[in-house]
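Novice: Below is a structure I'd like to ask you about.
The values are calculated or read from the model by the stated rules, or taken from the named source; none is laboratory data. Since we're looking at a predicted model, the values are computed, not measured. Please note: Cβ atoms are built from the backbone with ideal geometry, for glycine as well, and neighbour counts cover all protein chains shown.
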Amino acid sequence: MAVTPPRFHRLAVRDVARETAQAVSIAFDVPPALADDYAFAPGQYLTLRTTLDGEEVRRSYSICAGLDDGELRVAVKQVDQGAFSTWVNTTLQAGDTIEVMTPTGRFGLGASSPAGGVYVAFAAGSGITPVLSILKTLLRREPSSQVFLFYGNRTSHDILFNEDLTDLKDRHLERLSVLHVLSREEQDLPILNGRLDGAKVRALLTAMVPAATIDHAFVCGPASMIDDVVATLGELGLSSDRIHVERFVSGEGGRPKRAPVAVAPDAPAAHTAVLILDGKRREVPVAAGEAIVDAAIRNGMDLPFACKGGMCATCRAKVVEGAVTMDVNYSLEPWELAAGFVLTCQSHPTTARVVVDYDQV
Ligand SMILES: Cc1cc2nc3c(=O)[nH]c(=O)nc-3n(C[C@H](O)[C@H](O)[C@H](O)COP(=O)(O)OP(=O)(O)OC[C@H]3O[C@@H](n4cnc5c(N)ncnc54)[C@H](O)[C@@H]3O)c2cc1C
Ligand code: FES
């Protein structure tokens with residue numbers, strides 16, 4: 001099936017709200033003419049683009065608004081020495097404009113959510129942002145669903161959207177349980193002290209919600225927490241198609257440090273990539289060792305991409321002729337790989353010619 005690939009528009013910032021000492025949330029004004037382009041599914045993210053110190057910087061941020069909140073809002077937690085997150089937390093203001101890519105990402109429920117299902121979510125730190133959007137929407141739109149949130153932070157001061165979560169809990173007392181697990185603040189219940197590691201996840205589920213009753217689990221946080229939670233859910237018998245994961249950081253921690261391979265202007269093309277985008281075909285020479293996205297950028301083509309680290313899948317496309325090999329893949333699922341989808345920021349052609357279609361879903 002063909003779709004419109006994501007694209008940037010310049011949007012005005014309507015509101016910047018301080019959420020914690022380290023994080024702000026930002027709401028955008030979406031002009032009525034672009035309302036359809038920015039319609040989102042809970043769990044999706046926006047990629048923001050600006051120029052810092054003369055260099056283009058693009059970063060992805062999950063939408064924290066629920067489908068019925070009537071706004072487009074993301075939250076940005078400042079990371080130590082983080083270029084973009086520091087700029088957002090210290091400089092960006094209401095009234096500024098910034099380039100915002102239309103929503104992308106497949107973290108969330110998809111079409112398979114059962115009516116009245118049991119959902120559990122494990123989030124840590126800023127990993128709450130897509131989870132909050134999913135929870136708000138579930139609680140509002142699936143009146144018989146049961147939701148458990150296990151949210152890890154260092155201290156209660158670090159809890160993002162604490163008020164929203166309390167408010168949600170008050171409104172859905174019988175359907176939503178929120179358990180804060182804190183690593184640097186003692187709580188009355190010993191089970192809530194520590195980190196969301198495998199042992200903690202096992203203990204919490206045993207006490208609160210037997211794994212056999214869970215329909216879907218959502219996991220978002222640091223890489224080690226994700227790996228622990230996913231492994232434990234698997235050990236407890238939850239099948240992988242019911243475990244939904246969003247990674248903000250690569251397996252190497254943070255964003256990937258790999259730079260594009262240097263290509264001399266007169267270097268011969270080792271491969272030819274035919275790239276189909278918006279129904280148009282364009283031929284791009286790809287040098288030995290070069291990733292398809294890098295070759296396209298080098299040749300002046302504007303392709304969808306964001307993290308360039310195999311995490312976000314903004315650069316996802318389908319190989320319809322020829323073959324590629326990928327360096328890493330933190331986001332495509334087995335069925336997508338089997339169907340020929342690849343992350344073009346990680347893909348190197350292994351045949352003289354490849355045809356890659358960005359318009360396929
Ligand atoms: C799909 C997706 C959704 C995301 N959603 C959100 C969100 O909702 N809220 C949010 O705050 N962030 C989110 N992120 C992370 C965000 O895109 C940036 O990576 C983050 O803000 C850091 O960017 P920076 O430019 O400030 O740091 P950089 O200048 O890129 O990195 C500076 C240093 O921080 C390390 N670092 C980078 N990112 C992280 C991180 N997330 N945690 C710890 N260390 C890091 C780097 O390795 C480096 O050492 C998401 C990422 C992805 C891929
Ligand atoms: S740009 Fe994020 S996976 Fe390729």
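Novice: Residues in region 19-43 that are under 26 Å from Phe218 (Cβ atoms) and in contact with a strand residue (DSSP E or B) (Cβ under 6 Å, 6 or more places away or on another chain): how many?
Specialist: Of the residues in region 19-43, 11 are under 26 Å from Phe218 (Cβ atoms) and in contact with a strand residue (DSSP E or B) (Cβ under 6 Å, 6 or more places away or on another chain).
Novice: Pairs needed: first member in region 84-95, away from ligand 2 (no atom under 16 Å from the Cβ); second member anywhere, of a type in the set (Lys, Arg); C-beta distance under 8 Å; at least 6 residues apart or different chains.
Specialist: Hits for this filter: Ser85/Arg59; Ser85/Lys77; Ala94/Arg14.
Novice: Then there's this: Considering only region 19-66, state which residues are among the hydroxyl-bearing types (Ser, Thr, Tyr), away from ligand 2 (no atom under 16 Å from the Cβ), surrounded by 13 or more Cβ atoms within 10 Å (Cβ to Cβ) and within 19 Å of Arg7 (Cα to Cα).
Specialist: Tyr38, Thr50
Conditions tested, residue by residue: (1) within 16 Å of ligand 2 (Cβ to nearest atom); (2) modelled with pLDDT of 95 or more; (3) among the aliphatic types (A, V, I, L, M).
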{"position": "Asn193", "(1), (2), (3)": "no, yes, no"}
{"position": "Leu204", "(1), (2), (3)": "no, yes, yes"}
{"position": "Thr213", "(1), (2), (3)": "no, yes, no"}
{"position": "Val219", "(1), (2), (3)": "no, yes, yes"}
{"position": "Asp228", "(1), (2), (3)": "no, yes, no"}
{"position": "Ser240", "(1), (2), (3)": "no, no, no"}
{"position": "Phe248", "(1), (2), (3)": "yes, no, no"}
{"position": "Pro256", "(1), (2), (3)": "yes, no, no"}
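Novice: Can you tell me which residue is surrounded by the most Cβ atoms within 10 Å (Cβ to Cβ) among those in region 263-318 that are away from ligand 2 (no atom under 12 Å from the Cβ) and among the β-branched types (Val, Ile, Thr)?
Specialist: Looking at residues that are away from ligand 2 (no atom under 12 Å from the Cβ) and among the β-branched types (Val, Ile, Thr), I get Val286.
Novice: Across region 67-76, what is the total count of residues that are surrounded by 18 or more Cβ atoms within 10 Å (Cβ to Cβ) and out of contact with any Ser or Thr (no Cβ under 6 Å at 6 or more places or on another chain)?
Specialist: 2
Novice: Quick one: Thr344 ticks every box in (1) crowded, with 22+ Cβ neighbours inside 10 Å; (2) more than 10 Å from ligand 2 (Cβ to nearest atom); (3) within 25 Å of Ala83 (Cα to Cα) bar one, so which box is it?
Specialist: Every listed condition holds for Thr344 apart from (2).
Novice: Since Ile63 meets every condition but one in (1) modelled with pLDDT under 95; (2) within 11 Å of ligand 1 (Cβ to nearest atom), which condition does it not meet?
Specialist: It fails just one condition, (1).
Novice: What do you reckon, is Thr102 within 16 Å of ligand 2 (Cβ to nearest atom), buried (at least 18 other Cβ atoms within 10 Å of the Cβ) and touching a residue at least 60 places away in the same chain (Cβ under 8 Å)?
Specialist: Against the criterion (within 16 Å of ligand 2 (Cβ to nearest atom), buried (at least 18 other Cβ atoms within 10 Å of the Cβ) and touching a residue at least 60 places away in the same chain (Cβ under 8 Å)), Thr102 qualifies.
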